[in-house]
Each structure stands twice: as structure tokens, then as C-alpha cells.
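The values are calculated or read from the model by the stated rules, or taken from the named source; none is laboratory data. Computed from a predicted structure; not experimentally measured. All Cβ positions, even for glycine, are placed from backbone atoms using ideal geometry, and neighbour counts span all protein chains on display. The protein model used for the area step is the full one, side chains on, heavy atoms only, and it has no ligands, DNA or RNA in it. Shrake-Rupley method; radii C 1.70, N 1.55, O 1.52, S 1.80 Å.
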Amino acid sequence: MKGASKRSFIPGLERLRKWYGFTQLHVAICLDVSPKQVYLWEKKVVKPHDRAIEDLCILFKCTWLDLLYPSDAGPRNSPE
């Protein structure tokens, strides 16, 4: 749906973060948020804003679907 918000809990965040070997601090610095914010996203306490989801997709070289529906094989667009 055009213009619809993608704002949702992101169950794939922790898995992708660990897949790339990033710490919560590293993700926080890259997105200009606090490490506590990243922790709260991972624990599904708060939902990230659309801009943060877009920034996470850029950081992890993935689509928002990778964040919402994680795969054990890593991101769909991961380099080999």
C-alpha cells in the first residue's frame, strides 16, 4: 500500500546484527540513536520509526522484509 507505514517490531534485527558481527553500540552509532534504543527494538519494547527501518536496511544491505521475516541463512541480498 503506497504511503503506508512500515513501522512494526523487527524480529530480524538481532539476527542480522549478529550475522554481520555488529554490536548494539555499532548499530546505534550508525543510526544516530542510543544503544538503549537498539536494545528496546530488539526486545520488542518499542517500534522503530520508518526512517530507522530504512537506515537499518541500508546498514544491513537488506529489504524491510528481511527485518520482518528473518531467515536462518542471513539476508537475502548478502554478499557471498
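Across segment 25-69, C-alpha contacts under 8 Å between residues 6 or more apart give a mean separation that, scaled by the residue count, equals a relative contact order of 25 percent.
Heavy-atom accessible area, probed at 1.4 angstrom with all protein chains present, ranks 15, 51 as 51, 15, highest first. Under the simplified labelling scheme, the residue 9-residue 40 pair shows an inter-label distance of 1.5 nm, with each label point 7 Å from Cα along Cα→Cβ. Using 0.36 nm per residue and subtracting the Cα-Cα separation, the extra length available between residue 54 and residue 23 on full extension is 9.3 nm.
Computed with a 1.4 Å probe over protein heavy atoms only, the accessible area of residue 58 comes to about 120 Å².
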